[in-house]
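Okay, so here's the structure we're looking at.
The values are calculated or read from the model by the stated rules, or taken from the named source; none is laboratory data. From a predicted model like this one, the values you see are computed outputs, not experimental measurements. All Cβ positions, even for glycine, are placed from backbone atoms using ideal geometry, and neighbour counts span all protein chains on display.
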Amino acid sequence: MAKAPNEEQLATEWHELMGRFRRLLCSLDRELESKHGISASDFEVLQLLAEAPKGKLRLHELGEHAHLTQSALSRLVAKLESGGMVERFMCDDDRRSVFATITAAGRKRYVQARPTQRAVLRAEAQSV
């Protein structure tokens, strides 16, 4: 049976994990922005929508999966919408729900950016 880590060991592991995450996120932002004009968060939302049934999700669901606050998600979706990559529309059954759907332009940008995102992830995995 493995010995449980002490609090200091847990804190050290947490610090290392957060450092690795921040470095990876910075690398993703830098590469995706320079090559495709989108951030890592933009890519994540496009990926979630591209993989969703019929390319759409309720904003509430999108926020849960993208790990964004409601206000951050609203700003991000508005930016993607103004860029023609996402559209928002009201749910016919529940007027309180708003859906986001990926457009053809958003799907194209996602497909173009996917190899860049995967290359950054692969490089990070190889460096560990």
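A few comments on the model shown:
- The listed residues are 107, 23, 118, 96, and the only one of them that is surrounded by fewer than 15 Cβ atoms within 10 Å (Cβ to Cβ) and modelled with pLDDT of 95 or more turns out to be 118.
- The sole residue among 62, 49, 57, 28 that is at pLDDT 95 or above, crowded, with 18+ Cβ neighbours inside 10 Å and within 18 Å of residue 103 (Cα to Cα) is 49.
- Taking the criterion of being outside any strand (DSSP E or B), of a type in the set (Gly, Ala, Ser) and in contact (Cβ under 8 Å) with a residue 24 or more places away in the chain, the residues of region 86-118 that qualify are 97, 106, 113.
- Residue 81 fulfils the conditions (1) exposed (fewer than 15 other Cβ atoms within 10 Å of the Cβ); (2) in a helix (DSSP H, G or I); (3) free of Cβ contacts under 8 Å to residues at least 40 places away in the same chain; (4) charged (D, E, K, R) except for a single criterion, (1).
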